[in-house]
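Enquirer: For reference, the structure I am asking about is given below.
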Amino acid sequence: MAFRISITADFYDECGEPKYSDFGLSVFDGHDSIDVAAFSQHKVEIGAEQLADAHAVLVLTPKITAESLRLASNLLVVSRFGVGFDSVDVASCTQNDVLVTIAKGAVDRPVAEATIAWMLALNHKVFQKDKLVRNGHWDARSNLMGTELRDKILGVVGLGGIGSHLVALIRGFGMKQPIAFDPFASAEVFDSLGVKQCSLDELLEMADFVSLHCPLTEETRGLIGPSQLNLMKPTAYLLNLARGGVVNEDALFDALTTGQIAGAALDCFVDEPVTTPHRFGDLENVILAPHSIAWTDELFRDIGRMSCNSIVDVLCGNLPHGVVNPEVLEKDSFKAKWRRVIG
């Protein structure tokens, strides 16, 4: 019996060629019983007919809803290519005996490194200075004095894998002790990383850089709004490498245009994809990226191998890495489907 693995069409260009040099498909080499095929059409929301015959699906950007699963009677696992899973209706997957996995840990180093790149770019006004030369305004350089990371305070919201890597990587820049807000991290984690634990309000008041690395949940939606931005220093920067919904964009736009805060770097937005010029693009004190600032060859290689290995583990009857809904594993109905599919 062939195990049918589907891949969302957004991994490929309009000619059917892979967009990325390596996104882990080599993991499937040598497994003669595995049949891998990409969807013929990209949809924002995966259609029910696309999953009707699949045993597993590797998903880049499309959403998976209850309707997506309507015909997926043999689907065992949704392997999300990344660490976020707000695009997946996890409750519906659980109800339909489908495991959801993420590439837990694969993005930690690249996102932390990209965060530091943005901190340096904001502090040294890299893009504004680049623009001076391109426009022949050399003599205006004295109006764009930057500052160093030295003696600044980094405030991390979410001290998980990314946040932990970030506070480790900034050592050597001469910054003060980093601070963090994470109600789910233990005191031992803070102590082991040399990070001061504080409330969100305290962090916003103290930090020169507020860097967001928390998941989007009902608790974190709109976490940074008008009152939170009002607590920040006028010299401070906000960096969002988490999810767009964590920040109230109207409040942030007002804070940036009035000089309430010094600037921001945004990799994610409430409404994605952004296919028309965004209002933040009119601001000089903002750096923008299309939810890809941390995308590197190494990142896609590592995420891909981890995501594909999770699929192989499920199809081989093993416990996969990064399971989001482990309660599925205890369901008799899932166990029966698992035995039926893997034989």
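The values are calculated or read from the model by the stated rules, or taken from the named source; none is laboratory data. Note that the coordinates shown come from a computational prediction; the quantities given were computed from them, not determined experimentally. Note: ideal-geometry Cβ built from the backbone for every residue, glycine included; neighbour counts use all protein chains shown.
Enquirer: Mind listing just one residue for me: the one in the range 138-191 that is without any contact (Cβ under 8 Å) to a residue 12 or more places away in the chain and not in a loop (DSSP other than H, G, I, E, B) and, of those, surrounded by the fewest Cβ atoms within 10 Å (Cβ to Cβ)?
Expert: Ser142
Enquirer: In the range 42-62, which residue that is of a type in the set (Val, Ile, Thr), within 14 Å of Val78 (Cα to Cα) and in a loop (DSSP other than H, G, I, E, B) is modelled with the lowest pLDDT?
Expert: Within the range 42-62, the match that is modelled with the lowest pLDDT is Thr61.
Enquirer: I need a count of the residues in the range 94-134 that are within 20 Å of Leu299 (Cα to Cα), of a type in the set (A, V, I, L, M) and assigned to a loop (DSSP other than H, G, I, E, B).
Expert: Selection size over the range 94-134: 4.
Enquirer: Still on this model: Could you list, ordered by first residue, the pairs with Cβ atoms under 7 Å in which the first is in the range 207-227 and over 15 Å from Val111 (Cβ atoms) and the second is part of a loop (DSSP other than H, G, I, E, B) and of a type in the set (Val, Ile, Thr), at least 6 apart or interchain?
Expert: That search, which allows pairs on different chains as well, returns Ala207/Ile153; Asp208/Ile153; Asp208/Thr235.
Enquirer: Taking only pairs six or more apart or across chains, which ones have beta-carbon atoms under 8 Å, a first residue in the range 269-289 that is farther than 14 Å from Leu256 by Cα and β-branched (Val, Ile, Thr), and a second residue that is assigned to a loop (DSSP other than H, G, I, E, B) and at pLDDT 95 or above?
Expert: Listed by first residue and then by second, the contacts come to Val274/Pro290.
Enquirer: Same structure again: Quick check: is even one residue across the range 300-318 closer than 22 Å to Asn123 by Cβ and surrounded by 13 or more Cβ atoms within 10 Å (Cβ to Cβ)?
Expert: no
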